[in-house]
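Enquirer: One structure follows; several queries about it will come next.
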Amino acid sequence: MSLHRARRALIAVTAAAALSALPAAAADTVLNLYSARHYQTDEALYSDFTKRTGIRINRIEAGDEALLERLRSEGANTPADVLLLVDATRLWRAQIDGMFQPVRSQALEARIPAHLRGKDDGKGAEWFAFSTRARVIVYNKATVKPDQVPSYEDLAAPAFKGKVCTRSGTHPYMLSLIGAMSEHLGEAKAEAWARGVVANFARSPRGGDTDQIKAVATGECGVALTNTYYLVRMMRSDAAADKDAVSKIGMIWPNQQTWGTHVNVSGGGVMRNAPNRAAAVKFLEYLASDSAQAYLADGNNEWPVVATAPTSNPVLASLGKFKADTLPIASVGRAQVTAAKIIDRVGWR
């Protein structure tokens, strides 16, 4: 048996064990949740949902890719009712793999903007965003002036030769951004831009967003890309090293004069073969409530998708207001196919 087949067989056995271990319950009094979120505040979120509805949550947590692989192995026999993922490209992948079912809900349609829902062909959306974050530019205050890099396009400017740090282009956060650039500029111009960024690398892509911020602070690079929640996490840190790094960098909301700053999402949908569909829909509607929006946003230094939902994160608020890109998030996910081709051709690895 090949290593790949052996791994799939192991996943299938593990999934079967999880299915048999789930406690028996009356229909729709239990919710089986597969979640890529792993934040402490989510415990309060789930407890609040159970308190309000009487529906008990069985939860399996893992990374996005691990959950998607597990669901592919389980197929139609999966016990999952709801899947929560933390990136538009992964939500789109689950959608085209046929994992979600359409949901028509007045509550969700009223509270979640249309551009933050996935695929609505008249039958209802297949997934919904529940929190957002922005992909911003950070710069070294000693070597770069903010007016030098007001847009993503400027990362490819000759002035930044040897000064750009990023994580791998194959990471979903980068696929989402590059996909959005291809939607705005067209594939040819987006590829030319990506090629220019690669030519400006200070070093080969490596590490996560926090590593990019620290590299800017040390002067290894002049500019880098990061999701806002990584930056806010460092701003809220009591560690002396984090405080020192934050003091040396500035942040820019890119493309405020054009289409706005790229945003990504955490979101979820009801599984196609959900055993407890009514409970699943009720859970998604709960996630759009003011109380749940606060849990979701504050738990990971993000913004709620419901504009009127109150939050309590002064450090995030200190970043200020910005113009967000309203490109439909479903098209950002779909554009990852184009983005993957671009990064292969330009060597953004």
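Enquirer: At R345 and K145, where each label point lies 7 Å from the Cα along Cα→Cβ, what is the point-to-point distance in nanometres?
Expert: Spacing of the two 7 Å Cα→Cβ label points: 3.5 nm.
Enquirer: Moving on. Filter the DSSP H helices in the chain by two things, a Kyte-Doolittle mean of at least -1.0 and an axial alpha-carbon span of 24 angstrom or more, and list the hits by number. Write out the running numbers ahead of the final one.
Expert: Details: long enough: 3-21 (27 Å, 0.86).
Qualifying helices, which must be both long enough and hydrophobic enough, are 3-21.
Enquirer: If I model a spin label as a point 7 Å beyond the Cα along the Cα-Cβ vector, how far apart are those points for A110 and A239 in nm?
Expert: Distance between label points: 4.4 nm.
Enquirer: Could you tell me how far the Cα centroid of the stretch 57-127 sits from the Cα centroid of the stretch 313-334, in Å?
Expert: Going from one Cα centre to the other spans 21 Å.
Enquirer: Hey, fewest Cβ within 10 Å first, where do S312, S291 land in order? Intermediate values should be presented prior to the final figure.
Expert: Details: S312 9, S291 15.
By the 10 Å Cβ count, ascending, the order reads S312, S291.
Enquirer: Using the Cα atoms of the stretch 27-122, I'd like the radius of gyration and the largest Cα-Cα distance, Dmax, both in angstrom.
Expert: 14.1, 37
Enquirer: Calculate the FRET efficiency for E69 and S331 from the Cβ-Cβ distance with a Förster distance of 30 Å, rounded to the nearest 0.05. Walk me through the numbers before you get to the answer.
Expert: Values: r = 25 Å, r/R0 = 0.84.
Between E69 and S331 the formula returns 0.75.
Enquirer: Length gain on complete extension for the stretch Q256 to S318, per 0.36 nm per residue less the alpha carbon to alpha carbon distance? Walk me through the numbers before you get to the answer.
Expert: Working: separation 62, 0.36 × 62 = 22.32 nm, distance 1.76 nm.
Gain on stretching Q256 to S318: 20.6 nm.
Enquirer: So for M235, M181, M174, fewest C-beta neighbours within 10 Å to most, what's the order? Don't skip to the answer; put the middle values down first.
Expert: Values: M235 18, M181 26, M174 22.
In increasing order of surrounding Cβ atoms, one gets M235, M174, M181.
Enquirer: Exposure proxy check: W92, W259 ranked by fewest other beta carbons within 10 Å?
Expert: On the way: W92 27, W259 20.
The most exposed by this proxy come first: W259, W92.
Enquirer: Using only the C-alpha atoms of the stretch 200-349, find the volume of their convex hull and express it per residue in Å³.
Expert: Taking the convex hull of the Cα positions in the stretch 200-349, it is 167 Å³ per residue.
Enquirer: When averaged across all projection directions, what area in nm² does the alpha-carbon convex hull of the chain cover?
Expert: Working: hull surface 73.5 nm².
Over all viewing directions, the chain projects a mean Cα-hull area of 18.4 nm².
Enquirer: A further question on this structure: For a distance above 20 Å, tell me the whole-number percent of Cα pairs in the stretch 172-257 that qualify. Walk me through the intermediate numbers first.
Expert: Numbers: 1520 of 3655 pairs.
Looking at the stretch 172-257, the distances longer than 20 Å represent 42 percent of pairs.
Enquirer: Treating each Cα of the stretch 246-321 as an identical point scatterer and ignoring solvent, apply the Debye formula and state log10 I(q)/I(0) at q = 0.25 Å⁻¹.
Expert: Those come out to -1.22, one per q.
Enquirer: I've got another one for you. If you build the Cα gyration tensor of the stretch 70-227 and take the root of 5 times each eigenvalue, what three semi-axes come out, in whole angstrom, biggest first?
Expert: Semi-axis lengths for the stretch 70-227 are 36, 17, 15 Å.
Taken together, the values in this text are just the output of simple stated rules run on the coordinates, not laboratory data. All of these numbers come straight from a predicted model, not from anything done at the bench. All Cβ positions, glycine included, derive from the backbone under ideal geometry; neighbour counts span all protein chains shown.
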